[in-house]
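**Student:** Structure incoming, see below.
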């Protein structure tokens with residue numbers, strides 16, 4: 001049931017809901033590979049009115065760059081809109097031989113940080129897709145299509 005009172009926070013997700021959720025990359029974020037083999041994310045910035053005025057006098061960057069380490073790049077690569085948080089945890093624990101609980105804590109904290117920065121959105125099954133910057137998209141618009149039965 002939607003929360004109509006705008007001053008109330010939405011109910012927190014249960015553990016099962018958060019593990020079943022699907023992280024999706026922000027389409028505005030570009031991914032680059034450096035010469036050293038690192039993954040770099042290029043985030044376009046939309047300056048506020050005062051920053052545009054200030055940019056006439058001082059340099060104001062139009063984009064921000066974030067360099068990911070090996071594990072961060074691996075998790076970023078798994079945020080493809082198809083894999084759930086549970087799948088990402090399993091893949092990380094298998095690749096780096098981590099205990100499942102260690103991988104869960106690390107992945108959830110990292111995805112939360114990416115969401116707060118607006119680099120990913122989180123699609124929760126049966127609800128809206130929430131971005132950290134306040135926007136939302138209907139979940140039906142972003143979930144991959146289910147395979148159709150072939151007609152004979």
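The values are calculated or read from the model by the stated rules, or taken from the named source; none is laboratory data. Source: prediction; values computed, not measured. Cβ placement follows ideal geometry from the backbone for every residue including glycine, while neighbour counts extend to all protein chains displayed.
**Student:** Name the one entry in 28, 36, 20, 51 that is loosely packed, with under 14 Cβ neighbours inside 10 Å and within 16 Å of the chain's Cα centre (by Cα).
**Tutor:** Answer to the check: 28.
**Student:** Take residue 28 and tell me if it is modelled with pLDDT under 80 and either farther than 23 Å from residue 101 by Cα or in a loop (DSSP other than H, G, I, E, B) (or both).
**Tutor:** So residue 28 does not fit the description; no.
**Student:** Select, from 95, 86, 56, 46, the only residue that is in contact (Cβ under 8 Å) with a residue 60 or more places away in the chain and outside any strand (DSSP E or B).
**Tutor:** Just one listed residue meets the conditions, 86.
**Student:** So, one more: Which of the residues that make up the stretch 54-76 are surrounded by 13 or more Cβ atoms within 10 Å (Cβ to Cβ) and farther than 15 Å from residue 118 by Cα?
**Tutor:** 54, 55, 60, 67, 68, 71, 72, 73, 74, 75
**Student:** Inspect the stretch 23-34 for any residue being touching a helix residue (DSSP H, G or I) at 6+ places or on another chain (Cβ under 6 Å) and closer than 23 Å to residue 118 by Cβ and give the result as yes or no.
**Tutor:** Among the residues of the stretch 23-34, at least one is touching a helix residue (DSSP H, G or I) at 6+ places or on another chain (Cβ under 6 Å) and closer than 23 Å to residue 118 by Cβ, which makes the answer yes.
Yes/no per residue for (1) at pLDDT 90 or above; (2) farther than 14 Å from residue 19 by Cβ:
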position	(1), (2)
37	no, yes
41	yes, yes
51	no, yes
69	yes, yes
83	yes, no
88	yes, no
98	yes, yes
108	yes, no
113	yes, yes
